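Only one structure is covered here, and it is reproduced in the block below.
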Amino acid sequence: MRIPRIVGGAVALAVLGAAGFTAIAWRSGIEPIDPPASASFDPVQVAEGARLAAIGNCMQCHTAPDGKPFAGGYPLKTPFGTIFGTNITPDPETGIGSWSEAAFQRAMAEGVDRAGSHLYPGFPYDHFTKVTERDNRALYAFLMTREPVAADAPPNQLPWPLTFRPLLAGWKLLFLETGEFRPDPSKPEDWNRGAYLVEGLSHCGACHTPRNALGAEEKDKSFGGGESDGWHAPALNQASTAPVPWTKDSLYSYLRTGVSADHAVASGPMAPVVRNLSRVPDTDVQAIATYVADRMGAREAPADPPTPAAEAPRQPEGRAATIYRGACATCHDANGPLQFASPVGLDRATSLAQPDPRNAIQVILHGVETPDAKAAPLMPGFANALTNAQVADLAAYLRTRFTGQPVWDDLEAEVGRARTGDSSE
Ligand code: HEC
Ligand code: HEC
Ligand code: HEC
């Protein structure tokens with residue numbers, strides 16, 4: 001009988017396939033250790049680890065809102081569900097206290113935990129794999145000398161079958177390229193330093209590169225603009241729509257102080273990135289700016305310099321213009337009272353020039369949290385003062401008045417999504 005034989009063959013193949021898959025999906029555990037004494041680590045190495053942890057934003061994803069540092073519980077929202085940053089304090093039961101340095105190295109380089117389970121790529125090991133062994137040793141020394149905190153992260157909120165971790169072996173086979181960063185000998189030293197940090201520990205692409213349907217970064221669209229937590233992370237390559245092209249100096253000032261007078265104030269998910277970079281040596285921030293400026297390439301300057309807001313002549317009058325004059329112009333018009341003046345003219349504001357309206361909406365709803373309170377005044381949020389329709393009208397008005405580009409589509413629905421924090425679309 002033919003049919004059963006074919007079915008039998010298919011079953012045999014499936015069994016073989018599953019066995020092969022299990023072989024790659026299965027990773028051995030690494031023996032637990034007793035937590036090493038803090039005094040066994042070199043303080044110089046611990047201090048180096050602290051700077052590296054700041055560059056890697058480890059604290060951000062591994063600390064719950066109002067929680068103890070590194071004790072886990074931060075909800076990382078992904079299009080697939082919420083994954084919680086784990087406890088990476090040296091608590092032996094709930095943290096990584098029983099992890100040897102080799103287990104930590106493997107987690108960073110391959111995304112596998114001490115017991116051998118695959119980790120979700122929400123932990124950006126697709127970037128951390130580029131980190132050198134030496135830097136991982138310093139990170140390990142830093143983490144193992146933190147205060148141990150007993151705390152379990154809440155269970156991840158993922159649909160079946162994504163809860164089945166061996167499937168991640170398939171994801172890795174398709175998308176993960178492991179291996180330390182290799183410098184490009186034809187480039188200067190600070191370019192290579194910048195490339196090492198940006199592509200590796202700083203994982204800038206985790207937000208600034210678009211992802212495919214399986215959540216992997218699209219390598220051929222590297223830095224083409226991605227997203228994070230309901231915000232658009234603008235393109236950092238030649239597709240940048242900033243009205244004034246970014247330069248090494250303006251990138252440096254933005255990353256060092258959170259403000260570039262010709263572009264923007266770092267808000268939303270970019271604010272903690274800048275706050276963390278404030279703990280990093282100047283040479284490293286310079287190197288990051290050098291590399292990103294090079295990736296952006298030389299862009300043609302816009303044919304006409306942007307028109308200063310105060311000189312914009314005939315404005316469509318209407319509800320939005322009235323709200324703008326009453327609630328916004330004190331800070332945003334060039335002749336507003338100086339102590340409140342926004343450091344960035346809206347004609348240069350990158351959020352209004354982007355193809356995606358989400359950042360402008362987020363700012364109007366939730367205001368601007370300055371990374372460095374000394375550097376710039378705050379903008380209050382208007383979520384409670386304005387309806388969705390009013391925010392949508394304002395966004396459309398600003399877009400027309402300050403960029404002259406076509407108004408974004410579907411604004412009111414977008415405002416609704418920004419309000420509820422539903423970024424799934
Ligand atoms: C973008 C968010 C994010 C950043 C930044 C991040 N992590 Fe994580 N990390 C996670 C998530 C989420 C998990 C849990 C993954 C899982 O459950 O599979 C995790 C897991 C880990 C684990 C495995 C722990 C365990 O108990 O299995 C280690 C170790 C770790 N991270 C270290 C670090 C270090 C060191 C840094 C900074 C260099 C860092 N992480 C930065 C999100 C992040
Ligand atoms: C957690 C996600 C995330 C990470 C990681 C991240 N960014 Fe951003 N970045 C954003 C978001 C969101 C914005 C938009 C913020 C705004 O408009 O205020 C942004 C804005 C920017 C801008 C302004 C671009 C423009 O045209 O307005 C620059 C430059 C930038 N990021 C560079 C970097 C660099 C360099 C790194 C790595 C060191 C990095 N970012 C890491 C999310 C991120
Ligand atoms: C108290 C002063 C103040 C008020 C009032 C205010 N803003 Fe702002 N706004 C700022 C500051 C400061 C910034 C950050 C600098 C910047 O990015 O322009 C900002 C940023 C923005 C941005 C983002 C620009 C970018 O960087 O891409 C938009 C859009 C914006 N404001 C719109 C509004 C609207 C609409 C209103 C009224 C409903 C308003 N603002 C009221 C101070 C203010």
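Structure data summary
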quantity: Selection count where residues are modelled with pLDDT under 95 and part of a helix (DSSP H, G or I), scope segment 366-388; calculated: 1
quantity: Of all residues in segment 182-208 being under 20 Å from LEU277 (Cα atoms) and assigned to a loop (DSSP other than H, G, I, E, B), the one that is farthest from ligand 1 (Cβ to nearest atom); calculated: CYS204
quantity: Matching entry among ALA293, ALA242, ALA287 (being within 20 Å of the chain's Cα centre (by Cα), open to solvent by less than 20 Å² (accessible area, probe 1.4 Å), more than 19 Å from GLY367 (Cβ to Cβ) and modelled with pLDDT of 95 or more); calculated: ALA287
quantity: Residues located in segment 143-179, provided they are within 21 Å of the chain's Cα centre (by Cα), farther than 21 Å from PRO75 by Cβ and open to solvent by 60 Å² or more (accessible area, probe 1.4 Å); calculated: GLU177, THR178
quantity: Single condition GLU147 does not satisfy, out of (1) acidic (Asp, Glu); (2) touching a Lys or Arg at 6+ places or on another chain (Cβ under 8 Å); (3) under 22 Å from GLY170 (Cβ atoms); calculated: (3)
quantity: Residues within segment 108-119 that are near ligand 1 (Cβ under 8 Å from one of its atoms), open to solvent by less than 30 Å² (accessible area, probe 1.4 Å) and over 19 Å from ALA53 (Cβ atoms), tallied; calculated: 1
quantity: Qualifying residue in segment 119-131 (condition: part of a helix (DSSP H, G or I), in contact with a strand residue (DSSP E or B) (Cβ under 8 Å, 6 or more places away or on another chain) and within 16 Å of ligand 2 (Cβ to nearest atom)); calculated: yes
quantity: Filter result (more than 16 Å from ligand 2 (Cβ to nearest atom) and at pLDDT below 95) within segment 76-110; calculated: PHE80, GLY81
quantity: Residue within segment 76-85 that is assigned by TED's automatic domain parsing to the domain that holds VAL131, more than 16 Å from ligand 3 (Cβ to nearest atom), open to solvent by 60 Å² or more (accessible area, probe 1.4 Å) and assigned to a loop (DSSP other than H, G, I, E, B) present; calculated: yes
quantity: Sole residue being under 21 Å from GLU414 (Cβ atoms) and open to solvent by less than 30 Å² (accessible area, probe 1.4 Å), chosen from ALA216, ALA266, ALA235, ALA206; calculated: ALA235
quantity: Unique match (being more than 24 Å from THR163 (Cα to Cα) and β-branched (Val, Ile, Thr)) among THR82, THR132, THR78; calculated: THR132
quantity: Residues (of a type outside the set (Lys, Arg) and open to solvent by 60 Å² or more (accessible area, probe 1.4 Å)) located in segment 180-193; calculated: GLU180, PRO183, PRO185, SER186, PRO188, GLU189, ASP190
quantity: Every residue from segment 125-142 that is closer than 18 Å to ASN57 by Cβ and open to solvent by less than 20 Å² (accessible area, probe 1.4 Å); calculated: TYR125, HIS127, PHE128, THR129, VAL131, ASP135, ASN136, ALA138, LEU139, TYR140, PHE142
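Every residue, every condition in (1) modelled with pLDDT of 95 or more; (2) surrounded by fewer than 13 Cβ atoms within 10 Å (Cβ to Cβ); (3) under 30 Å from the mean Cα position of the chain (by Cα); (4) away from ligand 3 (no atom under 16 Å from the Cβ), yes or no:
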site: GLY9; (1), (2), (3), (4): no, yes, no, yes
site: GLY49; (1), (2), (3), (4): yes, no, yes, yes
site: PRO65; (1), (2), (3), (4): no, yes, yes, yes
site: PHE70; (1), (2), (3), (4): yes, no, yes, yes
site: TYR74; (1), (2), (3), (4): yes, no, yes, yes
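The values are calculated or read from the model by the stated rules, or taken from the named source; none is laboratory data. Small disclaimer: the values here were computed from a predicted structure and weren't measured. For neighbour counting, all protein chains shown are included, and Cβ atoms are generated from backbone atoms with ideal geometry for every residue, glycine included. Protein only, heavy atoms only, side chains kept; ligands, DNA and RNA dropped before computing areas. Shrake-Rupley method; radii C 1.70, N 1.55, O 1.52, S 1.80 Å.
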